[in-house]
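What follows is a single structure, written as structure tokens, with notes after it.
The values are calculated or read from the model by the stated rules, or taken from the named source; none is laboratory data. What you see is a predicted model; the values in this text were computed from it and never measured. Note that we place each Cβ from the backbone using ideal geometry, even for glycine, and neighbour counts take in every protein chain shown.
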Amino acid sequence: TPPARAVADHEIVFKRDTVGRVINGVVVWPQASMREKLGRPSLVSRGILAEESGTLAIGATLALPFEQSQDDSPAACLLDTAFDVDKDGFLVPALER
């Protein structure tokens, strides 16, 4: 069992000034370009450039329109707003980059 993200008697599921928590197997890369630096596979075939600075979300539970579904791979999409992930797994607006 992984350690708790926050010290509390219960799981923290809501946090003021955030847009939600990263759950259900969704991975959020604050900057898509971090993937290349860490040796992760390219997503160019999905229209996401290796040097992309936008926030990237990848997950099997992401809902995409049927016509955008390519195969059984987890969905990958760039978010319109830049986010960071705080120590408790919540998405917070990114400070200027």
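In this structure, is E36 part of a loop (DSSP other than H, G, I, E, B), modelled with pLDDT of 80 or more and not aromatic (F, W, Y)? In short, no.
When only residues in the stretch 52-66 that are outside any helix (DSSP H, G or I) and over 17 Å from T81 (Cα atoms) count, which is modelled with the highest pLDDT? If we take residues in the stretch 52-66 being outside any helix (DSSP H, G or I) and over 17 Å from T81 (Cα atoms), then G59 is modelled with the highest pLDDT. Of the set (1) of a type in the set (D, E); (2) touching a strand residue (DSSP E or B) at 6+ places or on another chain (Cβ under 9 Å); (3) modelled with pLDDT of 85 or more, all apply to D17 but (3). If I ask for residues that are farther than 12 Å from C77 by Cα and aliphatic (A, V, I, L, M), which ones from the stretch 34-57 would you list? M34, L38, A50, listed by residue number.
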